[in-house]
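The values are calculated or read from the model by the stated rules, or taken from the named source; none is laboratory data. Just so it is clear, the structure is predicted and the values come from calculations on it, not from any experiment. Note: ideal-geometry Cβ built from the backbone for every residue, glycine included; neighbour counts use all protein chains shown. Ligands, DNA and RNA are excluded from the accessible area calculation, which covers all protein heavy atoms including side chains. Shrake-Rupley method; radii C 1.70, N 1.55, O 1.52, S 1.80 Å.
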Amino acid sequence: MSASPSPSPSPVTLSAVVTRLRAAGCVFAEDEARLILATAPTPAALRTMVERRAAGLPLEHVLGWAEFRGLRISIDAGVFVPRRRTEFLVERAVALARRGAVVVDLCCGSGALGASLASAVGEVELYAADIDPVAVRCARRNVEAAGGTVYEGDLYAALPAALHGRVDILLANVPYVPTGEVGLLPPEARVHEARVALDGGADGLDVLRRVTAQARGWLAPGGSLLFETSGRQASSAMAIVAGDGLEPRLAESEELDATVIIGTRPVAR
């Protein structure tokens, strides 16, 4: 007499997922549950995804993607998740960009900024770079889909020399958390994102200094560097930008709690 087949596991319901996520402390448990249910390809994958989220993995790492300015951006484990406030930086860049512009996404992470700008502007010459090989692999999926190219390396050293003096829009989502405050970040960032994408040095502005020191030489006349910082760092960041020969201006969004500095290379008269 043959053994009876093992019963199949009961299907995981929305209610069950919400209950599990709420018990794990997920504030937006119902919204997250719907996203996980919509993304999971199989019941087994669904159970795994729910448990990974309940264990504290960022939702975007669980899903494998993040929504950014209406795009679905591929996100791999360990890669910096683009924040909603950073949409304001891209919005400011889109306002400055023109079709055919040369755009560089430095410290690109997933490549969300460059891909989003390219989607909004249309035809641009897009390049991106990051020092983290895990981020570079992820960014290639997002940036190459937008017609761009991704390089691995330390800031400008990763870029083709032919771009020198040609860049119209330089996006630099530099890390700006002071080293002493990285430990205060939420576990989703502190534990699951690469430290190189978070730690901005003693005052949070070390990487920015390295970016602005060479920015003028890479920008075309009239081209602009755009980066995000905190409100309390804004005056120091603007002084750094000005000291390296760019004309700084401040843009802020109360709605998104976002602070963006724009540094423009003057046009010779």
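Our Cα-only numbers for the stretch 1-126 put the radius of gyration and Dmax at 19.5, 76 Å.
Once C-alpha pairs closer than 8 Å and six or more residues apart are averaged by separation and normalised to the residue number of the stretch 124-269, the relative contact order reads 20 percent.
Dipole orientation for the chain: of the candidates 268, 95, 118, 118 has the Cα lying most toward the positive pole (charges on Cβ; Lys, Arg +1; Asp, Glu -1).
GNM remark for the chain: springs join alpha carbons under 10 Å apart, and the peak mean-square fluctuation among 26, 107, 138 falls on 26. For the chain, the longest principal axis of the alpha carbon atoms and the long axis of helix 43-54 meet at an angle near 60°.
How many percent of DSSP beta bridges within the chain run antiparallel, rounded to 5? Walk me through the numbers on the way to the answer.
Values: 17 of 36 bridges.
Rounded to the nearest five, the antiparallel share is 45 percent.
For the stretch 6-100, the relative contact order works out to 18 percent when only alpha carbon pairs closer than 8 Å and six or more residues apart are counted. Sorting the Cα pairs of the chain by distance into bins of 5 Å, from 0 upward, gives 1, 6, 12, 15, 17, 15, 11, 7, 5, 4, 2, 1, 1, 1, 0, 0, 0, 0, 0 percent per bin. Here the chain is assigned +1 on the Cβ of each Lys and Arg and -1 on the Cβ of each Asp and Glu. Its dipole about the Cα centre then comes out at about 280 debye. Ranking 236, 110, 15 from most to least accessible surface, computed with a 1.4 Å probe over the protein chains only, gives 15, 236, 110. Remark: the residue 181-residue 213 segment gains 9.0 nm on full extension, using 0.36 nm per residue and subtracting the alpha carbon distance. Loop-resident GluC sites (Glu not before Pro) (DSSP state other than H, G, I, E or B) in the stretch 93-146 with no more than 11 further Cβ atoms inside 10 Å of their Cβ: 123. From the alpha carbon centroid of the stretch 36-62 to that of the stretch 116-136 is 27 Å.
Extending 7 Å from Cα along the Cβ direction at residue 141 and again at residue 190 yields two label points whose distance is 2.9 nm.
Largest GNM mean-square fluctuation among 255, 32, 60, using the chain with Cα springs under 10 Å: 255. Approximating the spin labels as points 7 Å out from Cα along Cα→Cβ, the residue 166-to-residue 94 distance works out to 2.6 nm.
What angle, in degrees between 0 and 90 and rounded to the nearest 10, separates the Cα long axis of helix 87-96 from the longest principal axis of the Cα atoms of the chain? Helix 87-96 sits roughly 40 degrees off the main axis of the chain. Can you tell which of 38, 54, 234 shows the greatest fluctuation in a Gaussian network model of the chain with Cα springs below 10 Å? Answer for the Gaussian network model of the chain: 38.
Helix 234-243 and the long axis of the chain differ in direction by around 40°, with both axes built from C-alpha atoms. Residue 192 contributes an accessible area of around 50 Å² to the protein surface, as traced by a 1.4 Å probe with all chains present. Loop-located trypsin sites (Lys or Arg not before Pro) across the stretch 40-115 with a Cβ neighbour count of 11 or fewer within 10 Å are 98, 99, with loop assigned by DSSP. Mind running the shape call on the stretch 50-119? Use the C-alpha gyration tensor, a ≥ b ≥ c as the square roots of the eigenvalues: rounded below 1.5 for a/c, prolate if a/b tops b/c, oblate otherwise. Prolate is the answer for the stretch 50-119, as a/c is 1.5 or above and a/b outweighs b/c.
Mind putting a number on the dipole of the stretch 76-177 about its Cα centre? Charges go on the C-beta only, +1 for Lys and Arg and -1 for Asp and Glu, and I need it in Debye to the nearest 20.
Approximately 260 debye in magnitude.
Shown here: the stretch 102-182, whose C-alpha atoms stretch 41, 25, 20 Å along the first, second and third principal axes, sorted largest to smallest.
Which of rounded, prolate, oblate describes the stretch 117-266, given a ≥ b ≥ c as roots of the alpha-carbon gyration tensor eigenvalues and a/c under 1.5 marking rounded, otherwise prolate only if a/b is larger than b/c? Don't skip to the answer; put the middle values down first.
Values: a/c = 1.55, a/b = 1.11, b/c = 1.40.
It comes out oblate by the Cα gyration axes.
Only one residue of 174, 146, 186 has its Cα farthest out toward the positive end of the dipole of the chain, where Lys and Arg carry +1 and Asp and Glu -1 on Cβ, and that residue is 146.
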